[in-house]
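What follows is a single structure, written as structure tokens, with notes after it.
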Amino acid sequence: QVQLVESGGGLVQAGGSLRLSCAASGSIFSIDAMGWYRQAPGEKRELVAFIMKNDFTHYADSVKGRFTISRGDTKNTVYLQMNSLKPEDTAIYYCNAAVKVTVTTSPSDYWGQGTQVTVSS
């Protein structure tokens, strides 16, 4: 099995910063991509950003220029640096990873338990 553990959420004032971390562990052969999604109350879960194993990155338009996704040295950890936070960034943030558990299997999606980010105005 594969586990994703997130940390770093919290309460911050508008204009502030937070850094989210997500560590993947378990039966991992390789990770094709890691990313962050968020879900606000009453809304659908939406993509925030992802990073591929070749370091290609993609961001939602709403966070471009404010958020930065990166991977740790072990490549099993992903970070989301969030600057210039706005009240509309308030949501539960979920880590996602596309993981191959053996060399022959296709990647499967795994999710963390979520971490709350609240931005006050």
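The values are calculated or read from the model by the stated rules, or taken from the named source; none is laboratory data. Fair warning: this is a prediction, and the values are worked out from it, not measured in the lab. Counting neighbours? That spans all protein chains shown, and the Cβs are built from the backbone with ideal geometry, glycine included. Side chains included, ligands, DNA and RNA excluded: accessible areas come from the protein's heavy atoms. Shrake-Rupley method; radii C 1.70, N 1.55, O 1.52, S 1.80 Å.
Below, the figures for the structure above:
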quantity: Dipole of the chain, positive end: most advanced residue of GLY112, ASN54, GLN81 [Cβ charges, Cα centre]; calculated: ASN54
quantity: C-alpha center-to-center spacing [region 39-62, region 88-111] in angstrom; calculated: 12
quantity: Radius 10 Å from Cβ of ALA14, net charge of other residues (Lys, Arg +1; Asp, Glu -1); calculated: -1
quantity: Set of lysines with alpha-carbon distance to LYS100 below 17 Å, sequence-local pairs under 8 removed; calculated: LYS53, LYS75
quantity: Filtered chymotrypsin sites (Phe, Trp or Tyr not before Pro), region 6-90: DSSP coil and at most 14 other beta carbons within 10 Å; calculated: PHE29, PHE56
quantity: Heavy-atom accessible area per residue - the chain, 1.4 Å, Å²; calculated: 53
quantity: Förster-model FRET efficiency, 30 Å R0, SER7 and THR104, C-beta, rounded to 0.05; calculated: 0.40
quantity: Cβ charges +1 (Lys, Arg) and -1 (Asp, Glu), total dipole of region 1-120, debye; calculated: 100
quantity: Dipole magnitude (debye, nearest 20) for region 57-118, charges at Cβ of Lys, Arg, Asp, Glu; calculated: 160
quantity: Region 18-121 - percent of accessible surface contributed by carbon and sulfur, probe 1.4 Å; calculated: 50
quantity: Values of log10 I(q)/I(0), in the order q = 0.25, 0.27 Å⁻¹, for region 1-63 under a Debye, Cα-only, solvent-free model; calculated: -1.31, -1.34
quantity: Built amide H within the under 5 Å cut-off of GLY114, gap 5+; calculated: GLU6, CYS95
quantity: Efficiency of FRET from Cβ geometry, SER30 and ALA60, R₀ 30 Å, rounded to 0.05; calculated: 0.75
quantity: Cα gyration tensor shape of region 73-121, rounded if a/c is under 1.5, else prolate or oblate by comparing a/b with b/c; calculated: prolate
quantity: Residue-count net charge about ASP32 - beta-carbon cut-off 15 Å; Lys, Arg +1, Asp, Glu -1; calculated: +2
quantity: Cut-off under 5 Å, modelled amide H: who pairs with SER62 long-range; calculated: none
